[in-house]
1. From zero up to wherever the largest Cα-Cα distance of region A:364-424 sits, split into 10 Å bins and tell me the percent of pairs in each.
2. For B:Ser321, enumerate residues with amide H under 5 Å from its amide H, sequence gap 5+ or separate chain, H modeled in the peptide plane.
3. Which lysines, if any, have their Cα less than 28 Å from the Cα of A:Lys305, not counting same-chain residues under 8 positions apart?
4. If the chain between A:Phe253 and A:Met166 were fully stretched, how many nm would it gain, using 0.36 nm times the residue separation less the Cα-Cα distance?
5. What residues have an amide H closer than 5 Å to that of A:Thr267, excluding those fewer than 5 places away on the same chain, when H is modeled at 1.01 Å from N in the peptide plane?
6. How large is the direction-averaged shadow of the alpha-carbon convex hull of region B:348-388, in nm²?
7. Compute the FRET efficiency between B:Asn76 and B:Ile284 as 1/(1 + (r/R0)^6), taking r as their Cβ-Cβ distance and R0 = 41 Å, and round to the nearest 0.05.
8. Need one word for region A:76-217: rounded, prolate or oblate. Basis is the Cα gyration tensor (sqrt eigenvalues a ≥ b ≥ c); a/c below 1.5 gives rounded, then a/b vs b/c decides.
2 protein chains.
Amino acid sequence: MASLNADLRQRPVQQPVSVAETNSDDSSATALAQVSASDSDEDDLPMKPSKPSQASDKTSEALDSALKDFSPRWRNWVIRGIFTWLMIFSFAFMIYLGPLALVLVTFALQIKCFHEIITIGYIVYRSYDLPWFRTLSWYFLFASNFFFFGESMIGYFGVLLAGTDMLRPFATYHRFISFSLYTAGLVGFVCSLVKKHYLKQFTLFGWTHVTLLLVVAQSHFIVQNVLEGLIWVLVPVSMIICNDIMAYMFGFFFGRTPLIKLSPKKTWEGFIGGAFSTVIFGIILSYFLLQYDYFVCPVSYDESKDALSMECERSHVFVLSQYNLPETIRAFFNLLGIKKTTVSVYPFILHSVALSLFASVIGPFGGFFASGFKRAFKIKDFGDTIPGHGGIMDRFDCQFLMATFVHVYHSSFIKVPNPQNIVQSVLMLKPEQQIQVFTMLRDKLLQRGFIENITTTTTTTTTTAI
Amino acid sequence: MASLNADLRQRPVQQPVSVAETNSDDSSATALAQVSASDSDEDDLPMKPSKPSQASDKTSEALDSALKDFSPRWRNWVIRGIFTWLMIFSFAFMIYLGPLALVLVTFALQIKCFHEIITIGYIVYRSYDLPWFRTLSWYFLFASNFFFFGESMIGYFGVLLAGTDMLRPFATYHRFISFSLYTAGLVGFVCSLVKKHYLKQFTLFGWTHVTLLLVVAQSHFIVQNVLEGLIWVLVPVSMIICNDIMAYMFGFFFGRTPLIKLSPKKTWEGFIGGAFSTVIFGIILSYFLLQYDYFVCPVSYDESKDALSMECERSHVFVLSQYNLPETIRAFFNLLGIKKTTVSVYPFILHSVALSLFASVIGPFGGFFASGFKRAFKIKDFGDTIPGHGGIMDRFDCQFLMATFVHVYHSSFIKVPNPQNIVQSVLMLKPEQQIQVFTMLRDKLLQRGFIENITTTTTTTTTTAI
């Protein structure tokens, strides 16, 4: 136990959370840290203010020396740019590998984000003397992932799971198993309570749960978006990246008017330039992706091939549709001598404008929220995983909110109940219930006159028979 | 604004959260409060230790004087007993009023629980100078209730809602509206951030969200249980009450061995006596309730009467079933000269034992969790709404966990996909899709040989016709 403790106490040194230079704008964070320190026993592990993390990594050290003739502003910009492209290429490679690779990457990134936020909690509240609690946090991460990813898998591959003897009970009793896992964690938490540390333990319990809510629940929406078709991840993720880069560049070159106190570097010029660029970029990217079935088809299980399929009959949003032009635009075209009353557009292009607007208007609030959080706890970045960018969480702050928006947007305006899914849910019932559904449905459809033909045929033949 | 502030600052006086006598077991809570105080401006509102709340109410003062000849131990017991029965009778009255009254009561209790916990947060973190934030907390409560109760209503009365022109868009776009509401709250939170109070604001943001998760999400399960049939609420709620009372009484009369440090009054004798009584009580209560359709039928919408209906064809768990007796019990009966090989039992009685065991073994951990929470923040009760019991939350700590268990248990082991619901979901599709589902289902069932009869008939008549 003693050696475990010692090991845990060393962690903060191996994995430093970079702390911002002391701007004394919020004295309570430091005060809180001091209180926690006075509460914890003899050993002293202060949150020493360290330099921002850009220089802490070998790769960026090499880059730093190569770029030493540039001004710091430009140097930062170049490092950031290089790693931006590196990330874009790795992302493209994941897309090439297919949806299941993307699901795994989402999973890995989510764990890293959870780790970054939880580590900050441990350091802020100096909980090196609660080794049990660290295990519990990871246990809760496991339990909630078991629940969320299980729900996605059952939603999309339920029929596949129900066909496998070993997995069927997991699919059938998934919620019960998840609840049992969670309850075991709760009981474990209650049993781990130590008189001396009640407050710390409850604070970290809350910290863990808010993190689960923000990171795990939202990353689960990314997974669902992947399964609905790669375009539903590719377009929004790129939009956030584009908005980030363009807002940065517009701000860098034209930035004058500060936008929000939380992020002093953000300007109105960057905000507007970013939004404008994102809409244009979104349209172009969507148009490009719409040419390939690979990007627009949901992942589905092909029973005949016994394999996952990326082919489909396109949903109506991915098929060219004729729209009537409004009167004013028609008049304008008339002036130019063009006789055009309709226009052919993929409906998805119109949806992409809605997504762009969210990505550039509401999306940044995810970032402001993260900025505020970092300032509240006096840290500069969530970690130092990506040189020039900070931690994974620093890049994902807006992606989570965006993914949730896309998920809700898709299920509200795009997704139509799939007849195939309904039929499959019927086929999972008991035989007598399947027949019951069939006869009830037949009677209702007869009553509504939708299947008159069939009855007519039967009736006619019967009449002839008589 | 100044008067509003003043008003808010007075609240803690009007609604005192009773603070336990200072046991110096956890110095950090006081320390934290002091930090927050030093962080907040000039005025001083210390959390003065006050007497436990039993004496703070007029009713209980009158009772106190009537019971002055009893020892304090007995007096507390009598007051607690009287209010226990009062609560039981009000609960019975609600049952009499029917499921929708119960839903409304759940709603009211949930708001009160939220209020109690949030008030503790405000007092602990001394956030009287953040009036905006108080509004935001209630806004988040509204938004999450809109989401959760909407989901329940759509799940149970979707067809009804879809038939009303005014409500249809709410049903169709419910998740999008909920998400927009929540996002507006998030944007509001980011905009309300004040440099001086970042840490406090983020702490209370987390506090609010954990409360929403624990109170709102779980109370929503109570609502769903009500809609599944009154027995699914009546039995578990009574079990928790029975276990509480019996554990208290067994502990009071026979208690010797302390059970858990968190709640020094809890004893092993009470724990075991409570569990045993709860199983017996659960069986008797279930047997009684099973005699009436009113308690076992889910709330459903009767299209022919255009009204809510409490009649149904009983689910198999509410119908007497024959079970074969195990060999050993049969042998035992043989010795007594009874020739019995089968026994008739309502399956629900067996399920009630599972519920009892959860209520008495895991249920108390909900209470321990609440105890730990109260100790962490140095309060004796969550409020003083019910004399002898404390706040509403003090009585509901175990009910929430139990309701979640019942919900998960019901949906895993009891609920069978209802053929009627599936048919109704088909009828909500477009006509051509309804026909598509019908023909796909017919082909699949023909293939599986489930509806051979129908085809045979058709084929035969056709043949005759030729």
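1. Pairs per bin, as whole percents: 20, 33, 19, 15, 10, 1.
2. Correct list: B:Val345, B:Tyr346.
3. A:Lys415, A:Lys430, B:Lys444
4. Values: separation 87, 0.36 × 87 = 31.32 nm, distance 5.96 nm.
Gain in length upon complete extension: 25.4 nm.
5. Correct list: A:Leu259.
6. Values: hull surface 16.0 nm².
Over all viewing directions, region B:348-388 projects a mean Cα-hull area of 4.0 nm².
7. On the way: r = 28 Å, r/R0 = 0.69.
Plugging the Cβ-Cβ distance into 1/(1 + (r/R0)^6) gives 0.90.
8. Details: a/c = 3.58, a/b = 1.09, b/c = 3.27.
Oblate shape, in that a/c is at least 1.5 and b/c is the bigger or equal ratio.
The values are calculated or read from the model by the stated rules, or taken from the named source; none is laboratory data. Quick caveat, the model's predicted, so the values are computed rather than measured. Note that we place each Cβ from the backbone using ideal geometry, even for glycine, and neighbour counts take in every protein chain shown. Areas reflect the complete protein model, heavy atoms only, side chains present, ligands, DNA and RNA absent. Shrake-Rupley method; radii C 1.70, N 1.55, O 1.52, S 1.80 Å.
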